[in-house]
1. Fewest first, what order do 98, 80 take by the number of other Cβ atoms within 10 Å?
2. Would you please give the residues with an amide H less than 5 Å from that of residue 81, counting only those at least 5 places away or on a separate chain, with H modeled from the backbone geometry?
3. Which FRET efficiency, nearest 0.05, do residue 151 and residue 70 yield, Cβ-Cβ r, R0 22 Å?
Amino acid sequence: MNALIDEAYRIGMRQVEDELVAFLDLLRVDSPRHAMVIGSDLGGLFFLISHLCKCDGLRIAIGDLASSVRSQMTAALPGTSRELVGDSHSSEIVDQVTTLLGEQKLDLLFIDGDLSLAGARADYENYRGFVRPGGLIAFHNIRDSDYNRRKGIQVPELWRQVSSAGSWEFLASPGRCVGSRGEWAWSEKFARDHDIPAEWGGIGAITVEGDPDDDIRAPIPEEQSVVEERRFLVYCPVN
């Protein structure tokens, strides 16, 4: 897993490492078969999720993928991968997703595209119906902070609207917003160049309602501590 995360950061991925690792632990409880990532321009996250999916699954990326990932889609990436370049809000892209999936349903939808409230909500409303009961819908940039408000990131407001007591929230400990995966890690240089503080990021995930037997519930990893905050489980790295 570490090697895949290293490669994903090398390709390009704007994710807080501690939050990402905790989220991946949730996915690995029951690896998704069919997955879609909205906002996949850098390509690293799509590359990583593609390798976590079951071998016979379908992977869909909405966004202009990094060239290195695009070249691997026909060679190294497992399963079937498709790139849809265009506006995720457009009916044309929605129709293409409908055609690709056919009667199949997504096990995972990861939303990391338009960060405005209207844009993020449109992605959620347009594509949540493609996720099976018991599947996961994940959001990036859910942390409610002054930094996000200054930058016009409104995903935290949508997260408040769609999350519930059964939701998963992954927030890195204060001061640990950047990873340490060497020269290829986007985080140290990107955070420095773009003045990204510790209150950036945050990953949230909700389980689509349906058959309780299909519900995904992750055990608490032994190497992490969990504390109650509001109504969510917050995963905090052990100091």
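Nothing in this text is a laboratory measurement; each read-out follows from the coordinates by a stated rule. Keep in mind it's a predicted model, so treat the numbers as computed, not measured. Positions of Cβ are backbone-derived with ideal geometry, glycine not excepted, and every protein chain shown enters the neighbour counts.
1. Values: 98 11, 80 16.
Sorted ascending by nearby Cβ count, the order is 98, 80.
2. Counting only residues 5 or more places away or on other chains, the set is 59.
3. Values: r = 28 Å, r/R0 = 1.29.
FRET efficiency, residue 151 to residue 70: 0.20.
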